[in-house]
1. Rank these for me by crowding, 83, 9, 248, going from fewest to most other beta carbons within 10 Å.
2. May I ask you to give the average projected area over all directions of the convex hull of the Cα atoms of region 211-302, in nm² rounded to one decimal?
3. Relative to the present Cα-Cα distance, how much length would full extension add between residue 59 and residue 178 at 0.36 nm per residue of separation?
4. Among 10, 33, 151, which comes first, then next, by fewest other beta-carbon atoms within 10 Å?
5. What is the fewest-to-most order of 100, 110 by other Cβ atoms lying within 10 Å of their Cβ?
6. For region 3-74 and region 198-222, what is the centre-to-centre distance using only Cα atoms, to the nearest Å?
7. Kindly provide the pair-distance distribution of region 49-95 built from C-alpha pairs, with 10 Å bins from 0 and whole-percent values in order of increasing distance.
8. As a test, work out the antiparallel percent of DSSP beta bridges whose residues both lie in the chain, rounded to the nearest 5.
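Any read-out appearing in this document is the output of simple, stated calculations on the displayed coordinates, not a laboratory observation. Note that the structure is predicted; figures quoted are calculated from it, not measured. Using ideal geometry, Cβ is built from the backbone for each residue, glycine included, and neighbour counts are taken over all protein chains shown.
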Ligand code: AQP
């Protein structure tokens, strides 16, 4: 069976494992909105609640609250639920159904090489959940249940996207079909890897125990200014070219954040601000971050006043998502030889 041209379809997701960070926004959500607005793609965005319980089980009320807040955050950032499909993963059973097939396609050795598992499990891997280990197979199912051709993500997800392609290729090869597309990662922008404000070698993360390490989308102006003021830097002024940032991870991080928020290139930022001390640059960065993020957090709070409306949006999105995924997963089961009615 040869699949002709695949529809240009974008899929991506974010886990409701905590509140949105500036890293999630610049690395992923901002690109989600741009790809929706560019046109030329069907865009499907998912709050991946099944992934959110892999690292640790969340209090049920917290998971539900995080899911609704993330939905509000997507909409406040510019996702339009009438133009994009917006839903939470657990409402579309096809994700889990396809993940089982992919658990049987993926090899243990492939999973053992995943750096995210190694980072999250640390020295305690034997005590981690099977779900955390199998996470990349579920992620491949999230993407391939829609035959998605493009996946906007931050740099940290590159290896998982490569695994998705390996799973698709092995499935196609094992069954002699050209059923699953070779999905392209879309890793673009000045801030595809936003680093912790406390440690330039660690990525900014929702689950970092230190709140000072990240900017949350819900932080107020004072909190943002304080976190940027206290962000770790070095004593040198800003260089006037990107090459001068090579050995300066903390400085590079703040310049990348500025460039991404201002929609400028790093070279443009440095042409304007090269020579400045951090005492000058940090307040400018804080003002820009507040100007870009406070309209989003204000709108998020407004949307959160009506959780029933959020639930309606998620249910409507799930129905539309199911309409795309169900025939693809049904056909997958037929290819595998599962007898259906
Ligand atoms: N620091 C980051 N810089 C750029 N992009 C980032 N992303 C996450 N952190 C950064 C991108 O955000 C999307 C959603 O990520 P996720 O929630 O599915 O999981 P994650 O990558 O594990 O993000 P976190 O914030 O670190 O969550 P926890 O702490 O729960 O593990 C992805 O596209 C990711 O690349």
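1. 83, 248, 9
2. On the way: hull surface 22.5 nm².
The Cα convex hull of region 211-302, projected and averaged over all directions, gives 5.6 nm².
3. 38.7 nm
4. Listed from fewest to most nearby Cβ atoms, that is 33, 151, 10.
5. By the 10 Å Cβ count, ascending: 100, 110.
6. Centre-to-centre distance over Cα atoms comes out at 19 Å.
7. Bin by bin from 0 Å, the calculated values are 23, 49, 26, 1.
8. Of all bridge pairs located within the chain, approximately 10 percent are antiparallel.
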